[in-house]
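Okay, structure first, notes after.
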Amino acid sequence: MSLRHFLTTQDYSRAEIDALLEQAAAFKRSPRGQQLAGKSVALLFFNPSMRTRTSFELGAFHLGGHAIVLSPGKDAWPIEFRPGVVMDGEAEEHIAEVARVLSRYVDLIAVRAFPKFRDWSVDREDAVIKAFAQHATVPVINMETITHPCQELAHALALKERFGDLAGRKYVLTWTYHPKPLNTAVANSALLIATKLGMDVTLLCPTPDYVLDERYMDYGEHNARENGGSLTISHNLEEAYRGADVVYAKSWGALPFFGRWEDEKPIRDAHKHFIVDEAKMALTNNGVFSHCLPLRRNIKATDAVMDSPACIAIDEAENRLHVQKAVMASLISQR
Amino acid sequence: MSLRHFLTTQDYSRAEIDALLEQAAAFKRSPRGQQLAGKSVALLFFNPSMRTRTSFELGAFHLGGHAIVLSPGKDAWPIEFRPGVVMDGEAEEHIAEVARVLSRYVDLIAVRAFPKFRDWSVDREDAVIKAFAQHATVPVINMETITHPCQELAHALALKERFGDLAGRKYVLTWTYHPKPLNTAVANSALLIATKLGMDVTLLCPTPDYVLDERYMDYGEHNARENGGSLTISHNLEEAYRGADVVYAKSWGALPFFGRWEDEKPIRDAHKHFIVDEAKMALTNNGVFSHCLPLRRNIKATDAVMDSPACIAIDEAENRLHVQKAVMASLISQR
Amino acid sequence: MSLRHFLTTQDYSRAEIDALLEQAAAFKRSPRGQQLAGKSVALLFFNPSMRTRTSFELGAFHLGGHAIVLSPGKDAWPIEFRPGVVMDGEAEEHIAEVARVLSRYVDLIAVRAFPKFRDWSVDREDAVIKAFAQHATVPVINMETITHPCQELAHALALKERFGDLAGRKYVLTWTYHPKPLNTAVANSALLIATKLGMDVTLLCPTPDYVLDERYMDYGEHNARENGGSLTISHNLEEAYRGADVVYAKSWGALPFFGRWEDEKPIRDAHKHFIVDEAKMALTNNGVFSHCLPLRRNIKATDAVMDSPACIAIDEAENRLHVQKAVMASLISQR
């Protein structure tokens, strides 16, 4: 089957990523087009969203298309994803029908489906979006599952806008405190894209328990080798920040405690000082700061950092619109 | 009042139904148009939906129009439908105002309002959509109440695509098990359209308790007489399936037990073998299988049936888009 | 900062209001345009809506634009509005980011945010929409907070359609009973616009406790002086109604009982006779009746009044569409 999806940037070559970013930059300069004229995209939100929904809906409109926003389990019924099941539970419909019917209606299907946060060995299989990709007969786009490739592109574009070529830049992905154990998707994604772009990447986190899933660590090392960068783990705030060109912050739950979050809470609570503040930013090479948003101010980063010229989080958020238009236009053009 | 609504196919002549199906087939070949250019349709969902909402919203877009999706009681307030009431309960607004104001905003009003499942003598009056039709000054479309005329047209189109002329085909509407007592709307509708198209229709159900409301049985017999077909009740699986050209499955609650569903449960539970499977389909005249969806796999029909070439449920679902565009275009053109 | 918002009609001169009403009347005669071609508006509903959402969404469509409907706290996360806070509560994002990111995506931001009904000294600060206006870099529109300026314009247009020039008309804003203590927004707004249009305004309410916030009473007196009208308080039904040209009804909670609604309940309950009925309307100068809707029939006004030719509430509701298009077109044109 030759149908191309946008599930992870790992399925895309460096040249393909660069082409998407160039198209996104072109859309940023000139927002309207007819690339989706008369076309439609279904946006399936198994988890809520504001930026993702707004930017996809608007992106479709800018290119002459139309987005349909669906929230299965809220304004539609729950869906069964396992094959061969006797469907006597809550689910009223099987993904086989959902994906095939939607494929008859729309030209693209975008899916947001977070982990269930009970068993990482289950969640890491990314079953929901894979089932859509398996059964759909139109391209499927990842709007955040266990990675967040649209955020990766938006982040990459914001960095290129600041730095031009990114090869050899020191990039720090820092864990930060958050009252809840969050999804690792953006952290996984930051590793993938930063190594793909040839940066020297430091994963800064409180303890080895916060290192990311080996799949993404392996991809990161592979990408670093291929693109002339590096991937290092650090638990030392000062070492990590010193000389950094980019500080990207994200909170996430430690995988060894997955589903036993009460046990992880004391560790998280003991590392509130991982907050991104002016003192830490002063150690960098006049570095930029970014975050995928939403961000709790004065928990993950201080007001001073957020409101400083070094903060490019708003640019990154804006870029979601432009990169997603590039992704939709690219997927549509193959058909 | 000369305003034409689309509340039930019984209000439409055979020639009018055929014209709608021809227009739908034309839209299937050539999806875009300007029939709704600058026009709008309000989609009121008193009950949730995925296919209906997607297909109507997309249909409006394809024809240059715009759909507004409203969910009274969820993202709007509850509505009073009874005339003359002192409104001191939950409802904040009367249908008289809702329908008249909406009629000032939009060009079409589509309504989904399922039975309340407490008292069939109340539910069978179809008060909600009738109140809209009474107070609205624009055409009203039934998106499923106690019948589902849009599904009828989609079903009819899928059958015509397979068979061409349908006169004299053996059509079986079979009850199937479902863990909940469902709406009879699609079953009522299947009777109406199958008899209108001149087929020899068998209503297959576990016991006489599952025979449909006499209004629809009477319409079915009337239609059969007018169009050269027949309507028969059967409780014998083998007789019903043998030689069938079409098997259409649906679960529904038995009307004599309406509102006392616990009493009906043992009867339903005793008829799980009504599931549509390969052995039953082997009795047919190489017949096709369909269902309105959503369908619980391995409860109503087996995976083998659903995944067989005989299954036209996905085609039927797709046709919702095309027939609804035909209905909207037809209703708009009268104005 | 020269960015113009539409937060309250008090920020607009009489000439500017007249110009908006003329543009609205032009849109009523000729609904389509390209004033928002390729543009977008975010509609943020902190409180639900039917008319407001439909009329704004449709208005954007009519003018070539697109509305994005967002419900923070429902299909998006809760938002923090206070500056400098350590965000360790429910809110996942600060208004600073929400407003700035939305401003990158859309061309207009419209906000509905009702009072919290606990402490009027807090609610009267109108913090939510002011925070949007502060942080957004695109124009912000009030879709009802503690005033409802879009309703004002719709109301004014409906009155002008009946009367032409409104100067010197007797205008009665009458409190009516409602089982719940409602927002004062429409009452405040009625005072503002009726005095701005030079009418002789009577605020009719059961007791001095139901007089509106002094800010709006002061604005009303100021407007009356500027535009040649008057503002009077009355607790006498017959005096107020006698000779009235316009009766505008609204229920609201008494500010001295704000947040202690159980204490107010007996007073409200004792004034159910404030219902607008035919006997009261017979005292008027063949006056018109209106209401912002939703209206509980036979609680706020009788069926006879609602269904009489004197009732212009449906016209006023329709006019929401036209005036909001005028507001959006005006705000966009400044950019």
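The values are calculated or read from the model by the stated rules, or taken from the named source; none is laboratory data. Quick caveat, the model's predicted, so the values are computed rather than measured. Methodologically, a virtual Cβ is constructed for each residue, glycine included, from the backbone with ideal geometry; neighbour enumeration extends over all protein chains shown.
Do the conditions hold for residue C:130, that is, is it closer than 24 Å to residue C:102 by Cβ, of a type in the set (Lys, Arg) and surrounded by fewer than 24 Cβ atoms within 10 Å (Cβ to Cβ)? Even if it seems obvious, please write down each step before you answer.
Values: closer than 24 Å to residue C:102 by Cβ: yes; of a type in the set (Lys, Arg): yes; surrounded by fewer than 24 Cβ atoms within 10 Å (Cβ to Cβ): yes.
Taking the combined requirement at face value, the residue satisfies it.
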Looking at the stretch C:321-332, is at least one residue buried (at least 23 other Cβ atoms within 10 Å of the Cβ), closer than 22 Å to residue C:173 by Cβ, at pLDDT 95 or above and touching an Asp or Glu at 6+ places or on another chain (Cβ under 8 Å)?
no
Candidates B:35, B:23, filtered to the one that is in contact with a helix residue (DSSP H, G or I) (Cβ under 7 Å, 6 or more places away or on another chain), away from chain C (no Cβ under 14 Å) and under 16 Å from residue B:149 (Cβ atoms):
B:23
Across the stretch C:84-102, what is the total count of residues that are facing chain A (nearest Cβ under 9 Å), touching a residue at least 12 places away in the same chain (Cβ under 8 Å) and not acidic (Asp, Glu)?
6
Just give me the residues in the stretch A:180-218 being more than 16 Å from residue A:124 (Cα to Cα) and surrounded by fewer than 17 Cβ atoms within 10 Å (Cβ to Cβ), in sequence order.
A:180, A:207, A:208, A:209
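Mind checking which residues of the stretch C:236-251 are at positive phi and either of a type in the set (S, T, N, Q) or outside any loop (DSSP other than H, G, I, E, B) (or both)?
Taking the stretch C:236-251 and keeping what is at positive phi, we get C:243.
Hits for the stretch C:236-251: nothing passes.
For every residue, the table says whether it meets (1) farther than 29 Å from residue B:107 by Cα; (2) touching a Cys at 6+ places or on another chain (Cβ under 9 Å).
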site	(1), (2)
C:23	no, no
C:49	no, no
C:56	no, yes
C:65	no, no
C:68	no, no
C:79	yes, no
C:83	yes, no
C:87	yes, no
C:94	yes, no
Go through (1) within 19 Å of residue A:40 (Cβ to Cβ); (2) assigned to a helix (DSSP H, G or I); (3) in contact with a strand residue (DSSP E or B) (Cβ under 9 Å, 6 or more places away or on another chain) for residue A:158 and report which single condition fails.
(1)
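Being within 17 Å of the chain's Cα centre (by Cα) and outside the structural domain of residue B:247 (by TED's automatic domain parsing) narrows it down to one of B:188, B:142, so name that one. First the steps, then the outcome.
Details: B:188 fails: outside the structural domain of residue B:247 (by TED's automatic domain parsing).
Step by step, each of B:188, B:142 is checked, and only B:142 is within 17 Å of the chain's Cα centre (by Cα) and outside the structural domain of residue B:247 (by TED's automatic domain parsing).
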Every residue from the stretch A:256-267 that is closer than 13 Å to residue A:118 by Cβ, among the hydrophobic types (A, V, I, L, M, F, W, C) and out of contact with any Gly (no Cβ under 8 Å at 6 or more places or on another chain)
A:257, A:258
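Being of a type in the set (Ser, Thr, Tyr) and part of a loop (DSSP other than H, G, I, E, B) narrows it down to one of A:202, A:195, A:147, A:174, so name that one.
Values: A:202 fails: part of a loop (DSSP other than H, G, I, E, B); A:195 fails: part of a loop (DSSP other than H, G, I, E, B); A:174 fails: part of a loop (DSSP other than H, G, I, E, B).
So the residue among A:202, A:195, A:147, A:174 that is of a type in the set (Ser, Thr, Tyr) and part of a loop (DSSP other than H, G, I, E, B) is A:147.
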Where residues in the stretch B:48-68 are out of contact with any Phe, Trp or Tyr (no Cβ under 9 Å at 6 or more places or on another chain) and more than 8 Å from chain A (Cβ to nearest Cβ), which of them is surrounded by the fewest Cβ atoms within 10 Å (Cβ to Cβ)?
B:64
Take the stretch A:297-313 and flag every residue that is surrounded by fewer than 23 Cβ atoms within 10 Å (Cβ to Cβ) and either in a loop (DSSP other than H, G, I, E, B) or more than 9 Å from chain C (Cβ to nearest Cβ) (or both).
A:298, A:299, A:302, A:304, A:307, A:308, A:309, A:310, A:311, A:312
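Can you name every residue in the stretch B:161-171 that is surrounded by fewer than 20 Cβ atoms within 10 Å (Cβ to Cβ) and assigned to a loop (DSSP other than H, G, I, E, B)? Spell out how you get there, then give the answer.
At the first step, the residues of the stretch B:161-171 found to be surrounded by fewer than 20 Cβ atoms within 10 Å (Cβ to Cβ) are B:161-165, B:167-168.
Of everything in the stretch B:161-171, those that are surrounded by fewer than 20 Cβ atoms within 10 Å (Cβ to Cβ) and assigned to a loop (DSSP other than H, G, I, E, B) turn out to be B:164, B:165, B:167, B:168.
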Using the structure shown, decide if residue A:289 is surrounded by 14 or more Cβ atoms within 10 Å (Cβ to Cβ), in contact with a Leu (Cβ under 9 Å, 6 or more places away or on another chain) and either outside the structural domain of residue A:183 (by TED's automatic domain parsing) or closer than 25 Å to residue A:158 by Cβ (or both).
no
For residue A:265, are the conditions met, namely being in a helix (DSSP H, G or I) and surrounded by fewer than 18 Cβ atoms within 10 Å (Cβ to Cβ)?
yes
Any residue at all in the stretch C:153-162 that's touching a Ser or Thr at 6+ places or on another chain (Cβ under 7 Å) and closer than 27 Å to residue C:240 by Cβ?
yes
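Would you confirm, using the coordinates I've provided, whether residue B:284 is within 30 Å of residue B:167 (Cβ to Cβ), at pLDDT 95 or above, surrounded by fewer than 19 Cβ atoms within 10 Å (Cβ to Cβ) and hydroxyl-bearing (Ser, Thr, Tyr)? I'd like the intermediate steps shown before the answer.
Working: within 30 Å of residue B:167 (Cβ to Cβ): yes; at pLDDT 95 or above: yes; surrounded by fewer than 19 Cβ atoms within 10 Å (Cβ to Cβ): no; hydroxyl-bearing (Ser, Thr, Tyr): yes.
So residue B:284 fails the test.
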Could you check how many residues of the stretch B:268-284 are part of a loop (DSSP other than H, G, I, E, B) and within 16 Å of residue B:172 (Cα to Cα)?
5
All-but-one check, residue B:294 against (1) assigned by TED's automatic domain parsing to the domain that holds residue B:103; (2) assigned to a loop (DSSP other than H, G, I, E, B); (3) not hydroxyl-bearing (Ser, Thr, Tyr), failing number (1)
Residues being within 23 Å of the chain's Cα centre (by Cα) and either at pLDDT 95 or above or within 10 Å of chain B (Cβ to nearest Cβ) (or both) - total across the stretch A:74-83
0
Looking only at the stretch B:314-324, decide whether some residue is more than 10 Å from chain A (Cβ to nearest Cβ) and more than 16 Å from the chain's Cα centre (by Cα).
no
Need the failing condition index for residue B:71 against (1) buried (at least 21 other Cβ atoms within 10 Å of the Cβ); (2) small (Gly, Ala, Ser); (3) within 14 Å of chain C (Cβ to nearest Cβ); (4) under 23 Å from the mean Cα position of the chain (by Cα), just the number.
(1)
Taking the stretch B:202-245, which residues are within 22 Å of residue B:312 (Cα to Cα) and in contact with a helix residue (DSSP H, G or I) (Cβ under 6 Å, 6 or more places away or on another chain)?
B:202, B:204, B:241
